[in-house]
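Here's the structure, in structure tokens; my notes come after.
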Ligand SMILES: *[C@@H]1O[C@H](CO)[C@@H](O)[C@H](O)[C@H]1NC(C)=O
């Protein structure tokens, strides 16, 4: 690799380039000198010389995954990956490959594609990516998709034969690592849902509700088994103000912007949410999303909801490209004051929603309706949070088995984990 230095570029110019590039990398948040060099020398050279190439060709990075029941942890990984290049290409693993490797996915490919495409840091999506990167697929990525680097988290990813799934990419010097997002995994979320179902079917809903509340914030029912020790699953998610800043657009509406408002729980953020947000955004210039508090959601949908807490739900919504701003803890009722404060032009609500407000005593949209600024939107997909939970329940046993296995390896990860730099 070092031989590249001798290529028709004088050393001084070469140095100039690396330092200039280093500056842009520092802005991008990379502080490892070694990775800067790797990034610089890893970019393929052309007969036209480095300079032209550097200016014209963006650094393309690739990340893959199943993105089953996509959550803010996936989104954060995509954000981190995007920061390592100029364009992010995401491979979404096919249903058949997921079934073969870890059992049926909760969300089918077309829904997973909607989810990944909606993440604001994603530039391109490849459907039907293989579960593990084969040599063939790796060269396809390099040659056909013009990928410079393959990105993966700091958790080990082993093939069934025990070898490192990214060994090839590492050997080619085209691998980069990101820090795994703390605090959430699909395994954990499925666990929360399964517990929720178990608690509900056991009858006595009142005495269980406090446990359900706890669990929806990261505890599971193994509490009694290991006390405060081994059997307890505690949420590792610690929301920081910086994470919220990283996820937000940091921009208010422009002058004369038409502001659209939509409110909801957005629990287990899914393709149905994405589609309605897209429709809502198309009606104006700025989409403001109100996310109800955990208390509000519980009061309206039962003590076992929400599955994801307010901060988790806010991050998932913020990662969506159709969303401009969120209200973290929006009131149930859309008041006149709120409409004035945010200069809301139109309030919308989907036809497919868990809560049919028309059946309740209190119409939360009474004010915008009276003002003539309320519009109901035809929901493009018939999915609700309940749909997702039902899918899990339908495959209860299979998920539970798969979950126990995965929970074990995740426990090992947390036990053996050390500090990894990055954000
Ligand atoms: C409020 O929104 C309307 C669009 O509905 C816009 O024309 C107006 O300029 C906005 N007001 C301010 C002060 O931005």
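Listed residues 233, 174; which is modelled with pLDDT of 90 or more, crowded, with 17+ Cβ neighbours inside 10 Å, over 30 Å from residue 335 (Cβ atoms) and more than 16 Å from the ligand (Cβ to nearest atom)?
174
For the stretch 134-145, how many residues are more than 16 Å from residue 176 (Cα to Cα) and touching a residue at least 12 places away in the same chain (Cβ under 8 Å)?
Counting residues in the stretch 134-145 that are more than 16 Å from residue 176 (Cα to Cα) and touching a residue at least 12 places away in the same chain (Cβ under 8 Å) gives 2.
Name every residue in the stretch 255-272 that is away from the ligand (no atom under 16 Å from the Cβ) and assigned to a loop (DSSP other than H, G, I, E, B), in order of residue number.
If the condition is that a residue be away from the ligand (no atom under 16 Å from the Cβ) and assigned to a loop (DSSP other than H, G, I, E, B), then 265, 266, 267, 268, 269, 270 are the ones that fit.
Go through 209, 248, 216 for me and flag whichever is within 15 Å of residue 313 (Cα to Cα), away from the ligand (no atom under 16 Å from the Cβ), modelled with pLDDT under 90 and surrounded by 11 or more Cβ atoms within 10 Å (Cβ to Cβ).
Only one candidate passes the filter, namely 216.
Is it the case that residue 291 is away from the ligand (no atom under 16 Å from the Cβ) and either in a helix (DSSP H, G or I) or in contact with a helix residue (DSSP H, G or I) (Cβ under 7 Å, 6 or more places away or on another chain) (or both)?
yes
Go through the stretch 334-354 and give me each residue that's away from the ligand (no atom under 16 Å from the Cβ) and part of a strand (DSSP E or B).
349, 350, listed by residue number.
Got at least one residue in the stretch 313-333 being surrounded by fewer than 19 Cβ atoms within 10 Å (Cβ to Cβ), within 16 Å of the ligand (Cβ to nearest atom), modelled with pLDDT of 95 or more and not in a strand (DSSP E or B)?
no
Given the criteria at pLDDT 95 or above and outside any helix (DSSP H, G or I), does residue 367 qualify?
No, not satisfied.
Could you list, in sequence order, the residues of the stretch 75-87 that are without any contact (Cβ under 8 Å) to a residue 40 or more places away in the chain and within 18 Å of residue 105 (Cβ to Cβ)?
none
Only one of these conditions is not met by residue 280: (1) within 16 Å of the ligand (Cβ to nearest atom); (2) not in a helix (DSSP H, G or I). Which number is it?
(2)
Go through the stretch 62-111 residue by residue and tally those that are assigned to a loop (DSSP other than H, G, I, E, B) and under 18 Å from residue 142 (Cα atoms).
Selection size over the stretch 62-111: 3.
The values are calculated or read from the model by the stated rules, or taken from the named source; none is laboratory data. Predicted model only: the values in this text are computed from it and were never measured. A quick note on method: Cβ atoms are made from the backbone with ideal geometry, for glycine too, and the neighbour counts reach across all protein chains shown.
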